[in-house]
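Below is one structure, written out as structure tokens; the observations come after it.
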Ligand SMILES: NC(=O)C1=CN([C@@H]2O[C@H](COP(=O)(O)OP(=O)(O)OC[C@H]3O[C@@H](n4cnc5c(N)ncnc54)[C@H](O)[C@@H]3O)[C@@H](O)[C@H]2O)C=CC1
Ligand SMILES: O=C(O)CCC(=O)C(=O)O
């Protein structure tokens, strides 16, 4: 018999149970009968303890040199690398994506930590000529103080790391509330920070309900900055709460990302991009391809090639090396995806392939699986062409010329990522210039973010801020302009 472990909150350098005495099970989405472990179902009192600890730790942490803070991050990176197998396996058990994807993400977490460790040694200001010839004027940067980090379940290591590492290296202390679905992975990540010897209170983790702990972070008077990735609905609530009390906030939210396939595209590569960009991680990326706009002259050939390959994709448990695509991360997510598929059919789109899995399928029946799904005859007014589905669903739409394709691509409320397949330089230049998206990719899939480059969206996809790379310094610090005269 297996006795599942219970994971604790991490507050003030110690692992502790919630004052509620309650725990919640983390369910394996590949087999809903399996509890991966239990995590604390915390309340506002737990959050208060974490915020107080972060508040007490902030003065001495900010007084360390950037290089000293960076040294801690190098140690965290080495520990994460050494524990990669266990952490990636835990991620797979909690959210379902395949083990190679989980390992790839954990490796990415290590690289992000090393990148920001190096940031501790880089410049943080500029010298600006003063109009007073006897004065010196320059900028420096100071941390915000305590930063609240609210993260989703789709990248349980990479997203917490790309928020926590810059927060810490620029001198902030952190209280993280990970998604409940992947809180065990987060606990194992936090253990790397603990074992790297970060002083007590510099990083804290409180697990629990989104509205209680996430809402508590948004409204907490002693949290000066909030960084969030997740749904638009929750992001907007957090933004409003933060604005009303004058806290700084950063929101990364949804996408409805288009892939444009021009008449001169290499169709085999474009099919590969649609499948990889749209269906890897079961379509649960904010950068996932969701709409595929195909020139009418190659539409039929593209559709045939796409369907031939989608039909071959093996659905299954992420721990099986023959699996290409795992389940949706939770029952709620599976139900959301299925409701979008049903809406697509009800609104008149043609379901070419996919939908729900058969209840008689012995291997899949206990998991939250949805087959890779392709729709044809989709029009821009349909729900599946407008709303973020966050599942393995591709909608095909034909176009006649590139101007029309870019107009169609822009005809949604989101603007996160977009890509085009073409060899024509004029098409490429038009796309770069006219596409309303924070990330535009040419002859590459819509997903795939590089840690050293700014990442964020236009329109409803973000709070117009950017994460990652050196852009992170803009959120996690305030500029101080210094005028100095003898
Ligand atoms: N941009 C992205 O990468 C992501 C987008 N999503 C989108 O959101 C949809 C729903 O997924 P959910 O997991 O329910 O996302 P969500 O937005 O509810 O959850 C994201 C994070 O916010 C927390 N949270 C929930 N309610 C909160 C509240 N009232 N105040 C503060 N924090 C709160 C959650 O516990 C989690 O840590 C997905 O179908 C997808 O469309 C979800 C996850 C990631
Ligand atoms: O495409 C990626 O690698 C990152 C996607 C992402 O940031 C997200 O889904 O939240």
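The values are calculated or read from the model by the stated rules, or taken from the named source; none is laboratory data. Keep in mind that this is a model prediction, so the values were computed, not measured. Positions of Cβ are backbone-derived with ideal geometry, glycine not excepted, and every protein chain shown enters the neighbour counts.
Where in segment 68-184 are there strands (runs of 3 or more DSSP E), lying fully within it, with 1 or more residues that are surrounded by fewer than 17 Cβ atoms within 10 Å (Cβ to Cβ) and touching a strand residue (DSSP E or B) at 6+ places or on another chain (Cβ under 7 Å)?
Those strands (runs of 3 or more DSSP E) span 135-143.
Based on this model, can you work out whether residue 6 counts as surrounded by fewer than 17 Cβ atoms within 10 Å (Cβ to Cβ), under 28 Å from residue 328 (Cβ atoms) and modelled with pLDDT of 95 or more?
Numbers: surrounded by fewer than 17 Cβ atoms within 10 Å (Cβ to Cβ): yes; under 28 Å from residue 328 (Cβ atoms): yes; modelled with pLDDT of 95 or more: yes.
Yes; evaluated as a whole, the condition is true for this residue.
Kindly indicate the residue of segment 257-279 that is touching a helix residue (DSSP H, G or I) at 6+ places or on another chain (Cβ under 7 Å) and within 16 Å of ligand 2 (Cβ to nearest atom) and also nearest to residue 457 (Cα to Cα) among those meeting that condition.
258
For residue 60, state whether it is assigned to a loop (DSSP other than H, G, I, E, B) and at negative phi.
no
Could you tell me how many of the residues in segment 215-256 are within 16 Å of ligand 2 (Cβ to nearest atom) and under 16 Å from the mean Cα position of the chain (by Cα)?
Qualifying residue count for the region: 16.
Considering 261, 294, 345, which residue is more than 27 Å from residue 28 (Cβ to Cβ), in contact with a strand residue (DSSP E or B) (Cβ under 8 Å, 6 or more places away or on another chain) and without any contact (Cβ under 8 Å) to a residue 24 or more places away in the chain?
Answer to the selection: 345.
Any idea which residue in segment 245-257 is farthest from residue 412 (Cα to Cα), counting only those that are part of a loop (DSSP other than H, G, I, E, B) and touching a strand residue (DSSP E or B) at 6+ places or on another chain (Cβ under 7 Å)?
Restricting to residues being part of a loop (DSSP other than H, G, I, E, B) and touching a strand residue (DSSP E or B) at 6+ places or on another chain (Cβ under 7 Å), the top hit is 247.
Each row is one residue, and each column tells you yes or no for (1) outside the structural domain of residue 187 (by TED's automatic domain parsing); (2) assigned to a helix (DSSP H, G or I); (3) more than 8 Å from ligand 1 (Cβ to nearest atom).
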| site | (1), (2), (3) |
| --- | --- |
| 204 | no, no, yes |
| 207 | no, no, yes |
| 214 | no, yes, no |
| 217 | no, yes, no |
| 221 | no, no, yes |
| 228 | no, no, no |
| 234 | no, yes, no |
| 238 | no, yes, no |
| 243 | no, yes, yes |
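Kindly indicate whether residue 471 is within 16 Å of ligand 2 (Cβ to nearest atom) and in a loop (DSSP other than H, G, I, E, B).
no
Could you check how many residues of segment 266-325 are away from ligand 1 (no atom under 16 Å from the Cβ) and under 30 Å from residue 438 (Cβ atoms)?
Counting residues in segment 266-325 that are away from ligand 1 (no atom under 16 Å from the Cβ) and under 30 Å from residue 438 (Cβ atoms) gives 28.
Give me the residue from segment 388-418 that is part of a loop (DSSP other than H, G, I, E, B) and more than 16 Å from ligand 2 (Cβ to nearest atom) and, out of that set, surrounded by the fewest Cβ atoms within 10 Å (Cβ to Cβ). Steps first, answer last, please.
Within segment 388-418, the subset part of a loop (DSSP other than H, G, I, E, B) is 388-392, 400-401, 411-413, 416.
If we keep only those that are more than 16 Å from ligand 2 (Cβ to nearest atom) too, we end up with 400-401, 411-413.
On the way: 400: 11, 401: 13, 411: 15, 412: 23, 413: 13.
Residue satisfying both the conditions and the ranking: 400.
For residue 391, work out the one condition from (1) touching a residue at least 40 places away in the same chain (Cβ under 8 Å); (2) within 26 Å of residue 28 (Cα to Cα); (3) out of contact with any helix residue (DSSP H, G or I) (no Cβ under 8 Å at 6 or more places or on another chain); (4) within 16 Å of ligand 1 (Cβ to nearest atom) it doesn't fulfil.
(3)
So which residues in segment 373-384 are touching a helix residue (DSSP H, G or I) at 6+ places or on another chain (Cβ under 8 Å) and farther than 12 Å from residue 351 by Cβ, if there are any at all?
379, 380, 382, 383
For segment 411-441, what are the residues that are away from ligand 1 (no atom under 16 Å from the Cβ) and either in contact with a helix residue (DSSP H, G or I) (Cβ under 8 Å, 6 or more places away or on another chain) or closer than 13 Å to residue 291 by Cβ (or both)?
Hits for segment 411-441 are 411, 419, 420, 421, 422, 427, 430, 431, 434, 435, 436, 440.
Just give me the residues in segment 307-354 being closer than 24 Å to residue 99 by Cα and in a strand (DSSP E or B), in sequence order.
Those that are closer than 24 Å to residue 99 by Cα and in a strand (DSSP E or B): 315, 325, 354.
Pick from segment 327-370 the residues that are in contact with a helix residue (DSSP H, G or I) (Cβ under 6 Å, 6 or more places away or on another chain) and either within 16 Å of ligand 2 (Cβ to nearest atom) or assigned by TED's automatic domain parsing to the domain that holds residue 33 (or both): which of them is nearest to residue 392 (Cα to Cα)?
Here the residue is 328.
Quick one: which of 415, 391, 438, 354 is at pLDDT 95 or above and farther than 29 Å from residue 251 by Cβ?
Result of the check over 415, 391, 438, 354: 354.
Quick one: would you say residue 125 is in contact with a helix residue (DSSP H, G or I) (Cβ under 7 Å, 6 or more places away or on another chain) and assigned by TED's automatic domain parsing to the domain that holds residue 173?
No, not satisfied.
Being touching a helix residue (DSSP H, G or I) at 6+ places or on another chain (Cβ under 7 Å), part of a helix (DSSP H, G or I) and within 16 Å of ligand 2 (Cβ to nearest atom) is the filter here; which residues of segment 281-306 pass it?
281
Listed residues 143, 156; which is under 24 Å from residue 76 (Cα atoms) and within 16 Å of ligand 2 (Cβ to nearest atom)?
156
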